[in-house]
Structures are given as C-alpha cells and as structure tokens.
1. Taking region 162-185 on its own, how many of its residues are in contact (Cβ under 8 Å) with a residue 12 or more places away in the chain and under 18 Å from Phe10 (Cα atoms)?
2. Can you tell me which of Pro12, Pro47, Pro42 is touching a residue at least 60 places away in the same chain (Cβ under 8 Å), under 16 Å from Ser222 (Cβ atoms) and either within 11 Å of the chain's Cα centre (by Cα) or open to solvent by 20 Å² or more (accessible area, probe 1.4 Å) (or both)?
3. Does region 64-84 contain any residue that is farther than 26 Å from Leu201 by Cα and in a strand (DSSP E or B)?
4. Select from region 82-93 the residues that are more than 15 Å from the chain's Cα centre (by Cα) and open to solvent by less than 20 Å² (accessible area, probe 1.4 Å) and list them in ascending order.
5. Given the criteria within 19 Å of the chain's Cα centre (by Cα), at positive phi and modelled with pLDDT of 75 or more, does Gly184 qualify?
6. Please specify each residue of region 94-139 satisfying the condition of being free of Cβ contacts under 8 Å to residues at least 24 places away in the same chain and under 16 Å from the mean Cα position of the chain (by Cα).
7. Check region 108-127 and report whether any residue there is more than 18 Å from Thr153 (Cα to Cα) and either surrounded by 19 or more Cβ atoms within 10 Å (Cβ to Cβ) or basic (Lys, Arg) (or both).
8. Here are some conditions: (1) touching a helix residue (DSSP H, G or I) at 6+ places or on another chain (Cβ under 6 Å); (2) open to solvent by 40 Å² or more (accessible area, probe 1.4 Å). Val73 meets all but one. Which one does it not meet?
Amino acid sequence: MRIGIYGGTFDPPHNGHIAAAKAAMERLSLDKLLLIPTFIPPHKALPAGAASPRQRYDMAVLATAALGKKAEVLDMELERGGPSYTWETLRLLRSRYPEDELWLLMGTDMFLTLQAWHDPQRILSLAGIAAFGRTEEDTEELFSVQRDYLYRTFPGARIFTLTIPGVVDVSSTELRDELRTGKGGAALPPAVYGYILRKGLYGVQADLKHLTLSQLRPVALSYLK
C-alpha cells in the first residue's frame, strides 16, 4: 500500500491544502492519505489568536470530506504532546505500516529547507519526499537544485516533485486577517468556514441567530463529520 503523510498546523485548513492533497493522491496513486495536525510546530511559533490543537484537528476532519474515503485525519501528534518532530511521527507510522510505502508531502518552502529540519537523515530513511509547487516556471529550477543536493547529501533518498498549475497559493496568515474583517470564506471548505463562524475563531464575530439561509448552510455542514 502507498501512503501519503501530510502534516501541518492547518490553522485553518484551506482550499490550497485540499487541492495539493488531491493532486498528490492522483499523481502518486496513493491508497491512503493521512493528514496529521501538529501539536506544537517546531519551526515556527503559533500566532496569537490561533485555534487550539483540538480545533485545528476538528477542522482538518471537516476539510477531508472533499478527499473521499482514502483520506483520514490522525491526532497522534496531539496525543504525543510537545514539539511535533516529523521523524518521531514517521517512526511511529513505520511501526504501524511496516510493509507499506510512505511518502511525506510538503510544499515548496518546506522542501527547500528540509536539510535544516531535526534529523533529516532519519526522515529520508523512513519515507520518500513528495514536494509540490504552484507552477513549473516558478519551482522547477529550485526543485532541481534541491533534489541534486539532497541526493548527494543523503544517498538513498527518494524524492518526487510535482506542480499544481492553476492553484492559487493561500497564505494562512493573510487568510486569518481576512476572516477578522468578514472576508476569506471563499478560500475555505464550506464546513470549515461554518466551524469558524460557530466557534468565533480568528476574531470572527457572527450572530448565528440572524444569518441568512446561505450563511447558515456552512454552519450546518460544520456539524457533520
């Protein structure tokens, strides 16, 4: 079985995450996709006003509805607590799926800094790397340089790069700012947007008693898992 592993803060999970996951599932012919929200990201501090780890997990569950039955959200990093180091997560998944092929999915920025992660040697020994960029023109030159470097530095590494043309890159920081001003809902899966409205996340203030029917629809969807 070929399994994709897609980790991140997912604060919140947006349409860019879903488009990347769909493309990876198709291009890599994945049998299963595991989304794993981090508890504490080791490479950056969570911003003030961030959703709680359990809220980010709940939103990731709602977002995966668009990915079908092959997608599953795991709370293993939330249960483990502490900084969410990728090599530890991969080690646990390798013990859970000893005979299967693991692929770690990541965006351009993460791929280009992989050598600076905690124990990259162990990461590359436990899983292949599948990196995705937005356009071939913007990323292929950078990807080729990084691929060559990783192959030289970590013999035996498995690396696959793909592009997702036409997908608009979504900045989570900008999205949270837009949500505070009543915008940004179009960049989110409807159920995720409804969850944000219902919980009042990211400074969103919505009077649920006075929403229109079209505004109530994502709120209703957010109750369905």
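1. Of the residues in that region, 11 qualify.
2. Going through Pro12, Pro47, Pro42 in turn, just one is touching a residue at least 60 places away in the same chain (Cβ under 8 Å), under 16 Å from Ser222 (Cβ atoms) and either within 11 Å of the chain's Cα centre (by Cα) or open to solvent by 20 Å² or more (accessible area, probe 1.4 Å) (or both): Pro12.
3. For region 64-84, residues farther than 26 Å from Leu201 by Cα and in a strand (DSSP E or B): absent.
4. Leu90, Leu93
5. Numbers: within 19 Å of the chain's Cα centre (by Cα): yes; at positive phi: yes; modelled with pLDDT of 75 or more: yes.
Spelling it out, Gly184 is indeed within 19 Å of the chain's Cα centre (by Cα), at positive phi and modelled with pLDDT of 75 or more.
6. Result: Asp109, Met110.
7. Residues of region 108-127 that are more than 18 Å from Thr153 (Cα to Cα), as a first pass: 108-109.
Of the ones still in play, those that are also either surrounded by 19 or more Cβ atoms within 10 Å (Cβ to Cβ) or basic (Lys, Arg) (or both) are 108.
Scanning region 108-127, I find at least one residue that is more than 18 Å from Thr153 (Cα to Cα) and either surrounded by 19 or more Cβ atoms within 10 Å (Cβ to Cβ) or basic (Lys, Arg) (or both), so the answer is yes.
8. If we test Val73 against (1) touching a helix residue (DSSP H, G or I) at 6+ places or on another chain (Cβ under 6 Å); (2) open to solvent by 40 Å² or more (accessible area, probe 1.4 Å), just (2) comes out false.
The values are calculated or read from the model by the stated rules, or taken from the named source; none is laboratory data. Here the structure is a predicted model, which means the values were calculated and not measured. Backbone-built Cβ (ideal geometry, glycine too); neighbour counts: all protein chains shown. Keep in mind that these areas ignore ligands, DNA and RNA; they rest on the heavy atoms of the full protein, side chains included. Shrake-Rupley method; radii C 1.70, N 1.55, O 1.52, S 1.80 Å.
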